[in-house]
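For reference, the structure discussed in these notes is given below.
The values are calculated or read from the model by the stated rules, or taken from the named source; none is laboratory data. Quick caveat: nothing in here was measured; it's all calculated off a predicted structure. For neighbour counting, all protein chains shown are included, and Cβ atoms are generated from backbone atoms with ideal geometry for every residue, glycine included. Each accessible area value is taken on the protein alone, full model and side chains, heavy atoms only, with ligands, DNA and RNA left out. Shrake-Rupley method; radii C 1.70, N 1.55, O 1.52, S 1.80 Å.
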Amino acid sequence: IRESATLTRDVLEQHFNDLKGTLKKLLDERLMSLLQEVDAIEQESIKPLDECQKLIEHGVSTADDLLREGESAVHGDVGQQNEKLCSFTKKALHIQLDSLPEVPSLVDVPCLSAQLDDCLLTILKNQIFRHGTVASRPPVQLEEFVEKPGGILVRWCKVDDDFIPQDYRLQYRKSTASQFEDVYVGSETEFIVLHIDPNVDYQFRVCARGDGRQEWSPWSVPQIGHTTLVPHEWTAGLEGYSLSSRRNIALRNDSQSCGVLYSKAPTYFCGQTLTFRQVLYGIETVGQPDRRDSLGVCVEQQNGYDSLQRDKAVCISTNGAVFVNGKEMTNQLPAVTSGSTVTFDMEVVQLGPSSNEGGNFKLRVTISSNNREVVFDWVLDQCCVSLYFGCSFSYPGWKVLVF
């Protein structure tokens, strides 16, 4: 409680200090704009009046000089009088003293004033008093962390019955990082966070956006999650396949070589969910299908095969057919297409002697694809709780993510 209260105080103080700084900056900018507008109107309006004043003052000065010259001519010596009067007469004929420049009427002369609406303070006051809330409990909370190979399945739930969520926002950060980063925004209440380093703590938090709202709710209580499971990786170096930097995405390239691409190690354990996802790839979203194309799991790597449709393996072909130990089942799933997700779930249902079906180890397998699934028992002649996974594609363009 103390930690969250301290953090909330810091957030509030920072936010309102930012608001004050921004508001002062905006007011200063508006004031400067209005003052510049006053300066522009003043300069534009006063210029013709100043010019008119200069013309009038010049005319008055000229007339005054002529008047003094005429007085001098009248009161001067008789010998110079005629000469001065002649000069005075010539100047008087060339000076127009009976005209004045056009002076704007009083109603046309600008009279500046400022119109300031006092209701702005009332509006700001009302908005400020309604700005910001303090919530004692966020409307959503983190609920569960499920370890995945190289990832964590994060689940959250709504804890406020009156809150109607529209979207959720999940963030995480490494224990050594200072900033959270978005990892999911959407309407689901769970998400698998991939690219998680094993045995490293990560901090998660979630918030929500109410129906029809733009702002996000307060963050949930941050919680720590981690995984001890190493990430699934494809085997590097097989001609015909190119891998991503983390080796969890395999791309069938245009090499003529074909074969089965296996996992680097038997990292799939019974009780887990293994997921293959067909990743969109350029304009050619998927490659040309072939009846031998397969995704699945097997007991061991066996080179020399061009498909997982063989003994000691279960798989689904790209046309939706399911094969168990090389034999096709009657049940069929939807075909694998762009964006398809195929999952394998297995659990041990029998361990020990039981030879009616020729084996002493039985796994219950569930394969799901496009909201349909098949369930069957896979009988093996040896105990096997960790399995390899693999894929085989005959033509380029297939790109598969495994997790």
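A few comments on the model shown:
- Value of Rg to Rh for region 97-194 (Rh from inverse mean 1/r over Cα pairs, i.e. Kirkwood): 1.54
- Nonpolar atom fraction for the chain, defined as the carbon and sulfur part of the 1.4 Å probe accessible area, stands at 52 percent.
- Taking label positions 7 Å along the Cα-Cβ direction at both Ser242 and Lys90, the computed distance is 10.1 nm, reported to one decimal.
- Rounded, prolate or oblate (a/c below 1.5 giving rounded, otherwise prolate when a/b exceeds b/c) for region 1-130 by Cα gyration tensor: prolate
- Stretching the chain fully between Val134 and His58 yields a gain of 20.0 nm (0.36 nm per residue, less the alpha carbon separation).
- Full extension of the chain segment joining Asp10 with Arg364 gains 122.0 nm, where the gain is 0.36 nm per residue of separation less the Cα-Cα distance.
- Nearest 10 degrees, 0 to 90: helix 119-130 Cα axis against the chain principal axis: 20
- Relative contact order (%) - the chain, alpha-carbon pairs under 8 angstrom, separation at least six: 12
- For region 241-402, the calculated P(r) over all alpha carbon pairs, in 5 Å bins from 0 to the bin holding the longest distance, is 2, 9, 19, 23, 21, 14, 7, 3, 1, 0, 0 percent.
- With contributions of -39500 (n - 2.57) from each DSSP H run of at least four residues, the per-residue ellipticity at 222 nm computed over the chain stands at -9500 deg cm²/dmol.
- Straight-line reach from Lys312: taking Cα to Cα under 23 Å and skipping same-chain neighbours fewer than 8 places apart, the lysines in range are Lys264, Lys327, Lys362.
- Degrees, to the nearest 10: 78-94 long Cα axis against longest axis of the chain: 30
- Alpha-carbon Rg/Rh ratio, for region 126-253, with Rh computed the Kirkwood way: 1.11
- Mean accessible surface per residue for the chain, computed with a 1.4 Å probe while every protein chain stays in place, in Å²: 63
- Binned Cα-Cα distance frequencies in the chain - 20 Å width, integer %: 18, 30, 18, 12, 10, 8, 4, 1, 0
- Here the extension length gained between Gln115 and Glu69 equals 11.1 nm, from 0.36 nm per residue of separation less the Cα-Cα distance.
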